[in-house]
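Each value in this text was obtained by applying a stated rule to the coordinates, not by laboratory testing. Keep in mind that this is a model prediction, so the values were computed, not measured. Cβ sites come from the backbone with ideal geometry, for glycine too, and all protein chains shown count toward neighbours.
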Amino acid sequence: MLKTLLEAFALISTWEVIIAMFAASVYGLVIGSLPGLSATMATALLVPVTFYLSPIAAIATIVAASSMAIFSGDIPGALLRIPGTPASAAYADEAYAMTRKGQAELALGAGVWFSAVGGIAGVLSLMILAPPLAEIALSFSTFEYFWLALLGLMCATLVARSSPVKAIAGMFLGLLVSCIGIENPGGVPRFTFGITDLFGGIEPIPALVGVFAVSQVMRAMLTPEPPPLPRRKFGSIMAGQWRLTKQYHWQMTRGNIVGIIIGVLPGAGADMAAWVSYAMSKRFSKEPEKFGTGHVEGLVEAGASNNASIASGWVPSLLFGIPGDTIAAIAIGVLYMKGLNPGPTLFTEKASSMYAIYLMFIIANILMIPLGIAMIRIAAYILLAPRSTVMPIIMLCCAVGSFAIGNNMFGVVTVAAFGVIGYVMEANGYPVAAMVLGIVMGTMVEQAFVTSLIKSDGSILPFFERPVAAILAAMAIGALLWPVMVWVWRKVKQPQAAAATSR
Amino acid sequence: MRLPDSVTGSFLVALGAAAAYGGWILPPVPGQPVGPNVFPLVIGTGLALCGLAIVFGIGHSFEEEEELIPLEHGQAVSPPPQGKLYGLRALLPPALLLFYVFAADRLGFIITAAIMVYVTTTALGAKWKLALPLAALSPFAIHLIFGKLLRVPLPAGLLPTPW
């Protein structure tokens, strides 16, 4: 244990890792603070750079950039009422109301402080949850993996803040994309239409870059430019945060726990965590009437929540290759590239690398406090950069980055195509996160599914025979039937309500 | 690009059916009941069923609640100008990426990238005073990072970089 920890320290105390982490932190802070550029997009654009780094340095950049970007989305949310990332959307109104009351320092300070605390809580959950789960997962057969994968896919309905049917359709689309190529049980070209470039299948990373980055540039083409940030002098940012921690320690803990749970659930990430925690804070608050008028309580809880979800999203990703959120989906791609294939054995064979990941998360969240304060102070200058200069650079990074992944132009075509797909899906209420879930998990789902079918030899009994498999099966079937039951229940209730009002 | 649910749903039905049929006609692995054809068959069927549900508005009742949550504050300050061709502007970024695919090998990275930057910047409403220097400088910066530091083999084309 101590030896592994020392090894982990040795892994991260190289100049490469330190520089990569610092640079990625600054990058994450800047991208996160620019409205319209999300944390997921920041991570996706980092991937081509990670090719040229050592495995630990590559993961360091993702860890640092994603944690920082989730916090710095709070900055334009508080100062402009425009969330920098979707994860800050839940409480942008509240933070802006505080700014108008002259409490910008308190709002932003709460953003930094409770983000850091939440991030560290998330790491602790990763440290505590992952190893015992890995222990259990070591004994999993393909049947357990099959149900686990199905359960993960069913979580697509969680990311739907609209119709669950559309979310499931999005998930199926993602699975269909993963079918393309010759990497299947028979090794036959499938859905390649004779195009050689498609034989290798659709690489998840260019697809994700397209869905998150190109589609965002496309949306920017149709939306008006956000207003510039008024320049202002800030007082002490961290003043009063300790008092808030003591006053709202219960809200903070609840935010951490909710964030961790939502992070672990496949597909649902920081934005969902913030919405749920903010709503929960209002629901259980002693003074709910103050919400919306510039009250810090909701900020504490939601800020603690969205950062906690970042680290806990790595739990299913590292253990099963099931992405806990869209950022973890990208991280999985990088892990595979770096020979750290997700799976329970990672925790026994590459234990020092896992410890290094924990340590990097902790360092990133501590680093967030000084860097975050600096960022708040210079935010007014960074936000001066007009969108018309940022978006073209992102376009170039998309083109070059996707080319770099396989050193062929097909990557660029993939990015463009998925930009359009992501844009059209988003515009019509199909959550892209569900499709991402399908794309990333597709190969694994098919493998577990087909191997299980072959092993069971036509009988469905083996799918339920093992106790863990039976439990997972019950959960998966429950999740499958839940939307149907809700729909039926509403249909039954509606005529009654209609009859009641007509009377 | 907001389409009615019946259109997107029907498209999904067609896509799902095509996928299922495509899976169906794949050759099976000899001596094995389950091969590469099963998975597309299952997915295609699922997709088609989802498409049908969307066409008939099942699950649509969940969507109304969401309209209440204001997602993008402040962005709706001024209503965007509405023209027939205005919506097509969204297609500019993917079109430029395709332009990159076709032109980069012939024109070289620097020239292609400069054109992309200039067009995107102007399309986002910047004046040429901003767009021109940006288009002149940013390709070199990107080339320095990706081409020089990260050793991505970017095409030199007509205008090779000085390094």
**OP:** Let me know the volume per residue of the alpha-carbon convex hull for the stretch A:164-218, in Å³.
**Re:** 107 Å³
Original post:
For A:404-411, what's the mean count of beta carbons from other chains sitting within 10 Å of each residue's beta carbon?
Top reply: 2
Original post:
What FRET efficiency would be calculated for the residue pair A:Arg232, B:Ser6, taking the C-beta separation as r and a Förster radius of 51 Å, to the nearest 0.05?
Top reply: 0.55
**OP:** Treat the count of other C-beta atoms within 10 Å as a stand-in for reagent exposure and order A:Arg387, B:Arg89 from fewest to most.
**Re:** B:Arg89, A:Arg387
Subject >> Amide hydrogen neighbours beyond the local backbone of A:Arg190, cut-off 5 Å, H modeled >> reply: A:Gly181, A:Ile182
Original post:
Taking other Cβ within 10 Å of each residue's Cβ, how do A:Lys3, A:Lys290, A:Lys166 sort, fewest first?
Top reply: A:Lys3, A:Lys290, A:Lys166
Original post:
How big is D for chain A, in µm² s⁻¹ as a whole number, if Stokes-Einstein is applied with the Kirkwood radius of its Cα pairs at 25 °C and 0.890 mPa s?
Top reply: 105 µm²/s
Subject >> For the stretch A:34-105 versus the stretch A:299-352, the gap between their alpha-carbon centres in whole angstrom >> reply: 18 Å
Original post:
To the nearest 500 deg cm²/dmol, what mean residue ellipticity at 222 nm is calculated for chain A from DSSP H runs of n ≥ 4 alone, each contributing -39,500 (n - 2.57), summed and divided by the residues?
Top reply: -24000 deg cm²/dmol
Original post:
Tell me, what HN-Hα J-couplings in whole Hz come from the Karplus equation 6.51 cos²θ - 1.76 cosθ + 1.60 at θ = phi - 60° for each residue of the stretch A:79-96, using x for Gly and Pro?
Top reply: 8, 10, 6, 10, x, x, 10, x, 5, 9, 5, 4, 10, 4, 4, 4, 5, 5
**OP:** Return the distance in nm (one decimal) between the two label points of a simple spin-label model at A:Leu5 and A:His249, each offset 7 Å from Cα along Cα→Cβ.
**Re:** 2.4 nm
Subject >> Ranked A:Thr192, B:Thr8, A:Thr348, criterion: other C-beta atoms within 10 Å, fewest first >> reply: A:Thr348, A:Thr192, B:Thr8
Original post:
Which lysines does A:Lys101 reach when only Cα atoms under 28 Å apart count, and residues fewer than 8 places away in its own chain are ignored?
Top reply: A:Lys233, A:Lys246, A:Lys282, A:Lys286, A:Lys290
Original post:
What's the average, rounded to a whole number, of partner chain beta-carbon atoms within 10 Å of each residue's beta-carbon in A:168-180?
Top reply: 6
Subject >> Hits among lysines - C-alpha to C-alpha of A:Lys350 under 18 Å, sequence gap 8 or more where chains match >> reply: A:Lys3, A:Lys338
